[in-house]
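Chemist: Got a structure for you, questions after.
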Amino acid sequence: MDISELDIESDFTIEKEALKNELEYETEEILKYLSLFDKQLFIKLFVKEESIKDVSEEFNIKPSVLYNRISRGKSKLRSIFSKP
């Protein structure tokens, strides 16, 4: 049997998956303080890296409204997580 035929999961792959799971958990923990709608906006813009134009069209809202919601959401999260 050739070694290239073996299906061996490397430590790097396992570590990468563990980090991905941890990041997903941390993201969920942070975004749980937002409304469902704002959470969806944050995920599309900051996790999936979709454009403002695409997200505003998908949700049928003006880009200016989207910017305002994101700004308010960021402020809310800052106030929650900056408390001692």
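Chemist: Picking from Val47, Val65, which residue would you name as being surrounded by fewer than 15 Cβ atoms within 10 Å (Cβ to Cβ), more than 14 Å from the chain's Cα centre (by Cα) and of a type in the set (A, V, I, L, M)?
Modeler: Val65
Chemist: So, Leu77, is that one in contact (Cβ under 8 Å) with a residue 40 or more places away in the chain, among the aliphatic types (A, V, I, L, M) and surrounded by 13 or more Cβ atoms within 10 Å (Cβ to Cβ) or not?
Modeler: Yes.
Chemist: Need pairs with beta-carbon distance below 6 Å; first residue under 15 Å from Ser79 (Cβ atoms) and within region 19-35, second of a type in the set (Gly, Ala, Ser); sequence gap 6+ or separate chains.
Modeler: Leu34/Gly73
Chemist: Given the structure, is Lys20 out of contact with any Leu (no Cβ under 9 Å at 6 or more places or on another chain) and modelled with pLDDT under 85?
Modeler: no
The values are calculated or read from the model by the stated rules, or taken from the named source; none is laboratory data. None of these values were measured; they are calculated from a predicted model. Glycine also receives a Cβ, built like all others from the backbone with ideal geometry; neighbour counts cover every protein chain displayed.
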